[in-house]
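Engineer: Just passing along the structure, written as structure tokens.
The values are calculated or read from the model by the stated rules, or taken from the named source; none is laboratory data. As the structure is a computational prediction, the values presented were derived from the model and not from experiment. Positions of Cβ are generated from backbone atoms using ideal geometry, with glycine treated the same way; all protein chains shown enter the neighbour counts. Protein only, heavy atoms only, side chains kept; ligands, DNA and RNA dropped before computing areas. Shrake-Rupley method; radii C 1.70, N 1.55, O 1.52, S 1.80 Å.
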Amino acid sequence: MGKLSGKTALVTGASRNMGRAMALRLAADGALVAVHYNTAKDEAEAVVEAARQAGGKAFAVGAELGVPGDVATLFEAVETGLTEHAGSTALDILVNNAGVLGGIKPEDTTPEQFDRILAVNAKAPFFLIQRALRNMPDGGRIVNISSGLTRTSNPDEIAYAMSKAAVEMLALHFGKYLGPRGITVNSVAPGITRNDNPVFQMPEVVTAMASLSAFNRVGEPEDVADVVAFLCSEDARWITGAFVDASGGTLL
Ligand code: NAP
């Protein structure tokens with residue numbers, strides 16, 4: 001019996017990298033996982049298959065976030081999948097992981113780019129929590145993925161860092177609001193973590209990025225997924241409203 005046996009989870013942006021690792025870890029711990037994707041349907045289906053090969057349960061759900069109707073579209077698919085695979089629409093765990101980076105100089109950032117970053121990274125998580133609470137039993141778990149960039153400066157990521165600072169407010173305020181129901185709400189802030197960005201194929205850049213961590217390496221998706229899985233477990237019942245630094249000591 002895994003720690004999350006009988007639980008259900010939705011991980012947004014689970015087609016790749018960190019979200020993929022979170023979905024696989026939660027499935028390995030026994031949860032039935034809704035693997036959310038936007039464009040990468042085949043990759044999300046591969047995550048579902050990998051979870052099943054490892055003895056877990058998962059299904060894929062597609063929806064673009066940050067656009068009108070996003071939450072309704074996603075939850076229609078989530079409820080259909082939960083009903084089919086679990087016989088109920090109860091959702092115990094929500095991980096708001098999907099996000100978009102900026103990489104735009106302050107002087108070049110347009111209002112449209114700014115709105116898009118805020119819509120995907122901050123507005124969508126708020127309304128996903130609001131909607132998920134209709135399905136979430138007492139004792140549920142909500143984890144929002146922030147970034148070390150709320151604590152360390154990068155001028156090309158001001159809008160992104162603002163969106164992540166906003167996301168961190170969800171833990172503070174929803175944590176208090178949902179305490180009476182035993183639902184915990186926490187922020188996890190990764191540092192530089194391997195993804196599809198071509199910089200991870202450049203050894204000299206990887207060396208420079210690794211030097212920012214106290215452990216002198218870049219993060220792997222599983223480094224963060226394991227932290228998220230802990231916060232989703234019964235063992236983390238006494239932690240809510242927290243900012244959890246999962247940056248490998250980048251902020252020290
Ligand atoms: P990633 O590889 O870029 O993957 C992003 C995921 O989010 C994908 O599954 C993507 O779906 C989904 N997504 C993006 N835009 C979306 C939209 N508009 N609607 C719905 N889904 C959308 O991400 P990552 O690097 O693993 O990062 C995961 C999270 O950690 C993000 O919130 C990111 O801001 C945060 N973070 C990352 C780092 C890092 O160094 N990697 C550091 C700090 C924080 P599709 O692939 O299906 O399109």
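Engineer: Please identify the pairs in which a residue from the range 191-203 that is within 10 Å of the ligand (Cβ to nearest atom) has its Cβ atom under 6 Å from the Cβ atom of a residue that is open to solvent by 80 Å² or more (accessible area, probe 1.4 Å) and part of a loop (DSSP other than H, G, I, E, B), counting only partners at least 6 apart or on another chain.
Structural biologist: F200/R194
Engineer: I've got another one for you. Exactly one of these conditions fails for F230: (1) within 19 Å of N121 (Cα to Cα); (2) free of Cβ contacts under 8 Å to residues at least 12 places away in the same chain; (3) aromatic (F, W, Y). Give me its number.
Structural biologist: Unmet condition: (1).
Engineer: Right, here's the next one. Looking at (1) of a type in the set (A, V, I, L, M, F, W, C); (2) more than 17 Å from the chain's Cα centre (by Cα); (3) open to solvent by 10 Å² or more (accessible area, probe 1.4 Å), which one does L24 not meet, given that it meets all the others?
Structural biologist: Going through the list (1) of a type in the set (A, V, I, L, M, F, W, C); (2) more than 17 Å from the chain's Cα centre (by Cα); (3) open to solvent by 10 Å² or more (accessible area, probe 1.4 Å), L24 breaks only (2).
Engineer: Restricting to the range 140-169, give me the number of residues that are open to solvent by less than 40 Å² (accessible area, probe 1.4 Å) and away from the ligand (no atom under 13 Å from the Cβ).
Structural biologist: Result for the range 140-169: 3.
Engineer: Which residue out of A159, A119 is out of contact with any Phe, Trp or Tyr (no Cβ under 7 Å at 6 or more places or on another chain) and among the hydrophobic types (A, V, I, L, M, F, W, C)? So that I can check it myself, show each step before the final result.
Structural biologist: Working: A159 fails: out of contact with any Phe, Trp or Tyr (no Cβ under 7 Å at 6 or more places or on another chain).
None of the others qualify; the one that does is A119.
Engineer: On to the next question. Can you tell which of L91, L82, L24, L32 is modelled with pLDDT of 95 or more and within 14 Å of the ligand (Cβ to nearest atom)? Break it down into steps so the answer makes sense when it comes.
Structural biologist: Details: L91 fails: within 14 Å of the ligand (Cβ to nearest atom); L82 fails: within 14 Å of the ligand (Cβ to nearest atom); L32 fails: within 14 Å of the ligand (Cβ to nearest atom).
Being modelled with pLDDT of 95 or more and within 14 Å of the ligand (Cβ to nearest atom) holds for just one of L91, L82, L24, L32, which is L24.
Engineer: State which residue is nearest to T250 (Cα to Cα) when the search covers only the range 180-190 and only residues that are open to solvent by less than 40 Å² (accessible area, probe 1.4 Å) and more than 10 Å from the ligand (Cβ to nearest atom).
Structural biologist: Residues of the range 180-190 open to solvent by less than 40 Å² (accessible area, probe 1.4 Å): 182-190.
So of that shortlist, the ones also more than 10 Å from the ligand (Cβ to nearest atom) come out as 182-187.
Details: G182: 32, I183: 29, T184: 26, V185: 23, N186: 19, S187: 16 Å.
So the residue we want is S187.
Engineer: Right, another one. Of everything in the range 44-72 that's of a type outside the set (A, V, I, L, M, F, W, C) and open to solvent by less than 50 Å² (accessible area, probe 1.4 Å), which residue is farthest from the ligand (Cβ to nearest atom)?
Structural biologist: Within the range 44-72, the subset of a type outside the set (A, V, I, L, M, F, W, C) is 45, 49, 52-53, 55-57, 62, 64, 66, 68-70.
With open to solvent by less than 50 Å² (accessible area, probe 1.4 Å) added as a condition, the list becomes 56, 62, 66, 69-70.
Working: G56: 18, G62: 8, G66: 5, G69: 12, D70: 7 Å.
Top of the filtered list is G56.
Here is a yes/no grid of residues against (1) under 30 Å from L82 (Cβ atoms); (2) touching a residue at least 60 places away in the same chain (Cβ under 8 Å); (3) part of a strand (DSSP E or B); (4) β-branched (V, I, T):
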{"residue": "E112", "(1), (2), (3), (4)": "no, no, no, no"}
{"residue": "L118", "(1), (2), (3), (4)": "yes, no, no, no"}
{"residue": "N121", "(1), (2), (3), (4)": "yes, no, no, no"}
{"residue": "N144", "(1), (2), (3), (4)": "yes, no, yes, no"}
{"residue": "M162", "(1), (2), (3), (4)": "no, no, no, no"}
{"residue": "M169", "(1), (2), (3), (4)": "yes, no, no, no"}
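Engineer: Can you tell me which of D156, D92, D138 is acidic (D, E) and touching a Cys at 6+ places or on another chain (Cβ under 9 Å)?
Structural biologist: Details: D156 fails: touching a Cys at 6+ places or on another chain (Cβ under 9 Å); D138 fails: touching a Cys at 6+ places or on another chain (Cβ under 9 Å).
It is D92.
Engineer: Tell me which of these S15 doesn't satisfy, since it passes every other one: (1) open to solvent by 20 Å² or more (accessible area, probe 1.4 Å); (2) within 14 Å of the ligand (Cβ to nearest atom); (3) not aliphatic (A, V, I, L, M).
Structural biologist: Among (1) open to solvent by 20 Å² or more (accessible area, probe 1.4 Å); (2) within 14 Å of the ligand (Cβ to nearest atom); (3) not aliphatic (A, V, I, L, M), the lone unmet condition for S15 is (1).
Engineer: Are any of the residues in the range 220-231 open to solvent by less than 20 Å² (accessible area, probe 1.4 Å), modelled with pLDDT of 95 or more and in a loop (DSSP other than H, G, I, E, B)? First the steps, then the outcome.
Structural biologist: Step one: list which residues in the range 220-231 are open to solvent by less than 20 Å² (accessible area, probe 1.4 Å), which gives 221, 224-225, 228-229, 231.
Then keep just the ones that are modelled with pLDDT of 95 or more; that gives 221, 224-225, 228-229, 231.
Retained after the next criterion (residues that are in a loop (DSSP other than H, G, I, E, B)): none.
No: the range 220-231 contains no residue that is open to solvent by less than 20 Å² (accessible area, probe 1.4 Å), modelled with pLDDT of 95 or more and in a loop (DSSP other than H, G, I, E, B).
Engineer: Hey, F126 hits all of (1) within 12 Å of the ligand (Cβ to nearest atom); (2) touching a residue at least 12 places away in the same chain (Cβ under 8 Å) but one; which does it fall short on?
Structural biologist: Condition (1) is where F126 drops out.
Engineer: On to the next question. Restricting the search to the range 82-132, which residues are under 19 Å from Y37 (Cα atoms) and among the β-branched types (V, I, T)?
Structural biologist: Residues satisfying the conditions are I93, V95, V100, I117, V120, I129.
Engineer: If you scan the range 55-69, which residues turn out to be under 17 Å from A14 (Cβ atoms) and of a type in the set (A, V, I, L, M)?
Structural biologist: Those that are under 17 Å from A14 (Cβ atoms) and of a type in the set (A, V, I, L, M): A58, A60, V61, A63, L65.
Engineer: Restricting the search to the range 129-142, which residues are more than 18 Å from the chain's Cα centre (by Cα) and in contact (Cβ under 8 Å) with a residue 24 or more places away in the chain?
Structural biologist: Our first condition is that a residue be more than 18 Å from the chain's Cα centre (by Cα); within the range 129-142, this holds for 134-135, 137-139.
Of everything in the range 129-142, those that are more than 18 Å from the chain's Cα centre (by Cα) and in contact (Cβ under 8 Å) with a residue 24 or more places away in the chain turn out to be N135, P137, D138, G139.
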